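The values are calculated or read from the model by the stated rules, or taken from the named source; none is laboratory data. Not measured: the values here are computed from a predicted model. Quick reminder, even Gly has a Cβ in these numbers, built from the backbone with ideal geometry, and neighbours come from all protein chains shown.
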Amino acid sequence: MAIVEGRIKAISVSKEKGTQKTNVPEAELRVDCGIVGDAHAGTWHRQVSLLAFESIEKMIAMGADVSPGNFAENVTTEGINLLALSLGGKLKLGGSAIVEITQFGKKCHSRCEIFEQVGDCIMPREGIFAKVITPGRISVGDAIEVLDD
C-alpha cells in the first residue's frame, strides 16, 4: 500500500555539471539513466537528487537568496520528510516513476555560492539521492508516495 506524502514543488535540470539548474515543468525518468537531459544522468547511484522545499525555506530564513534548483537538486519536494526515509526505500513520483533511495547527503567539494552568502548550505545534510527503478514522466504538482517495502 502506498501513502501520499507530498508533492513535486519543482523539477530542475542542467546541461553541465557544476552549473545552476533550470526549472522545467516536466521531465522523463529512465532506468539506468535518471532524468533525461540532465548532466547528472547516468548508470550510477546518484541519478536523481531530491531536496525538500522546507529545507530551502530554512536557508531563506537565514538570509540566503535561493529558490528551487539553486542547490542543484533535480526534484524539490514539499510535504515529505525526506530524512525519515530509509536507504533502499522507494518513492513513487507522479503516476508511474519509482526511485530507490541510494544515499543521504553528500560531501561538498568546495564552498558554494550559497555557503558564501550565509555561512551554511543544507544540501550536504538534507539532500538525498536515488536511482530510477521504474520509468515514467513527472510534472510539477504531481504526488509523491512513499511505497511500503
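Okay, here's what the table says:
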quantity	calculated
Whichever residue in the range 14-40 is modelled with pLDDT of 95 or more and outside any strand (DSSP E or B) and, among such residues, is nearest to ILE138 (Cα to Cα)	PRO25
The range 41-55 - residue that is touching a His at 6+ places or on another chain (Cβ under 9 Å) and either of a type in the set (Val, Ile, Thr) or under 18 Å from SER139 (Cα atoms) (or both) and, of those, modelled with the lowest pLDDT	SER49
Single residue of ILE56, ILE60, ILE11 found to be outside any loop (DSSP other than H, G, I, E, B) and without any contact (Cβ under 8 Å) to a residue 24 or more places away in the chain	ILE60
Some residue of the range 85-106 being at pLDDT 95 or above, in a helix (DSSP H, G or I), among the hydrophobic types (A, V, I, L, M, F, W, C) and in contact with an Asp or Glu (Cβ under 7 Å, 6 or more places away or on another chain)	no
Hits in the range 92-106 (condition: crowded, with 18+ Cβ neighbours inside 10 Å and in contact (Cβ under 8 Å) with a residue 60 or more places away in the chain)	LYS92, LEU93, GLY94, ALA97, VAL99
The range 63-84, subset assigned to a strand (DSSP E or B) and not hydrophobic (A, V, I, L, M, F, W, C), residue nearest to ASP38 (Cα to Cα)	THR76
